[in-house]
Amino acid sequence: MTWVTAVAGLRARREPGVLVTVATVRGHAPRKAGAKLVVGRTGTWGSIGGGNVEAVAIDRARELIAASAAEPEMLDFALNDKVTNRHGVQCCGGTVSVLLEPLPVVRAVAVFGVGHVGMELARVLARQDLDLHLVDSRAEVLAEERLAALADAVARIRVHHTPLLPEEVIEQLPDGTHVLIMTHDHAEDAALCDAALRAPHLGTIGLIGSAAKWARFRTRLLTEGGHDEAAVDRIKTPIGLPGITGKEPATIAVSVAADLLRTFEKEGV
């Protein structure tokens, strides 16, 4: 398996990892600059030459994974018998610098409702390194030709057509997924709000709509839904940056996306 395939596999499985690269070599060393190793929680793919260099790099990579570290770092090794090594002697005679680059699990966002605003929002979010879930009960809004505008997306896009119960997708979403509810049907929105509040694995929950709409939803969630005040307060509405009052779908989408990216920054990586 190539290192590229290994990185893609971690990305697809939503597992963290570290890409280890031999950055510089002076003198004799087991591998040339550019050699790569991918380290996951339990597996490794590729090699930077074995021995102490590789073993120490793997140990440090797993420490970075455990700490959810985001910043890359360098390790320097002298390959001679005068150095005390953790994993045995390597006396090739040269020196090696190794770059460790964390590969964090990317964020996930689910947009429920891919109408005018939802589609514009998808266009903006598709430019981010995300797992982007697009969910709608209407087949026509998820048609291939309509979603062709997302063909060059950076994000990994998954489309969910849910003609009967869109809320069932909630349980399938990865841990920490940020949910944005903006369907064409207030009854659908209400059901999704209820389902989202019953899913503790989610990240933030946002709902588009007016103050009057939220007042009705809040009352129903507290009474018929049986949720307490603290749970209901997980839902943010209105969504978007305060002060941006434009009603055009693209304006709303930019505002909502900017607010979400601000949330990401507050959380840290």
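Every number in this text was worked out from the coordinates using simple rules, so none of it is lab data. Since this is a predicted model, take the numbers as computed values, not measurements. All Cβ positions, even for glycine, are placed from backbone atoms using ideal geometry, and neighbour counts span all protein chains on display.
When the dipole is taken about the Cα centre of the chain, and only Lys, Arg (+1) and Asp, Glu (-1) are charged at their Cβ, what size is it in debye, to the nearest 20?
Rounded to the nearest 20 debye, it is 780 debye.
Among 221, 104, 162, whose Cα projects farthest towards the positive end of the dipole of the chain, with charges put on the beta-carbon of Lys, Arg (+1) and Asp, Glu (-1)?
104
Restrict the search to the range 231-269; then list the trypsin sites (Lys or Arg not before Pro) that DSSP places in a loop and that have at most 10 other Cβ atoms within 10 Å of their Cβ.
Sparse-neighbourhood loop trypsin sites (Lys or Arg not before Pro): 247.
Can you list the lysines whose alpha carbon is less than 24 Å from that of residue 266, not counting same-chain residues fewer than 8 positions off?
By straight Cα distance, residue 266 reaches 236.
Which option, [x] 57, 48, 37; [y] 47, 43, 36; [z] 75, 42, 36, is the value of Cα extents along the principal axes in Å that was calculated from these coordinates?
[z]
Once Lys and Arg get +1 and Asp and Glu get -1 on their Cβ, which of 115, 190, 209 lies farthest toward the positive end of the dipole of the range 107-267?
Projecting each Cα onto the dipole axis, the largest value belongs to 209.
Express in nm, to one decimal, how much length is gained between residue 116 and residue 186 on full extension, taking 0.36 nm for each residue of separation and deducting their alpha carbon distance.
Using 0.36 nm per residue and subtracting the Cα-Cα distance, I get 23.6 nm.
Could you run the Debye sum over the Cα atoms of the range 3-103, one equal point scatterer each and no solvent, and tell me log10 of I(q)/I(0) at q = 0.12, 0.14, 0.21 Å⁻¹, two decimals?
-0.36, -0.49, -1.01
R0 = 41 Å: FRET efficiency of residue 42 with residue 78, Cβ-based, nearest 0.05?
The pair residue 42/residue 78 has a calculated efficiency of 0.85.
Could you size up the charge dipole of the range 3-103 around its Cα centre, putting +1 on the beta carbon of Lys and Arg and -1 on that of Asp and Glu, and report it in debye to the nearest 20?
That gives a dipole near 260 debye.
Could you tell me how far the Cα centroid of the range 1-79 sits from the Cα centroid of the range 110-150, in Å?
About 36 Å separates the Cα centre of the range 110-150 from the one of the range 1-79.
Rank 176, 245, 77 by how far each Cα sits towards the positive end of the charge dipole of the chain (+1 on Lys, Arg Cβ; -1 on Asp, Glu Cβ) and give me just the farthest.
Working it through, the farthest residue towards the positive pole turns out to be 77.
Taking R0 as 41 Å, what FRET efficiency do you get between residue 262 and residue 164 from their Cβ-Cβ distance, rounded to the nearest 0.05?
0.70
Can you tell me the 0 to 90 degree angle between the C-alpha axis of helix 211-222 and the longest principal axis of the chain, rounded to 10?
In the chain, helix 211-222 runs at an angle near 80 degrees to the longest axis.
Is the shape of the range 111-177 rounded, prolate or oblate, going by the alpha carbon gyration tensor and its root eigenvalues a ≥ b ≥ c, with a/c under 1.5 for rounded and a/b larger than b/c for prolate?
In terms of gyration-tensor shape, oblate.
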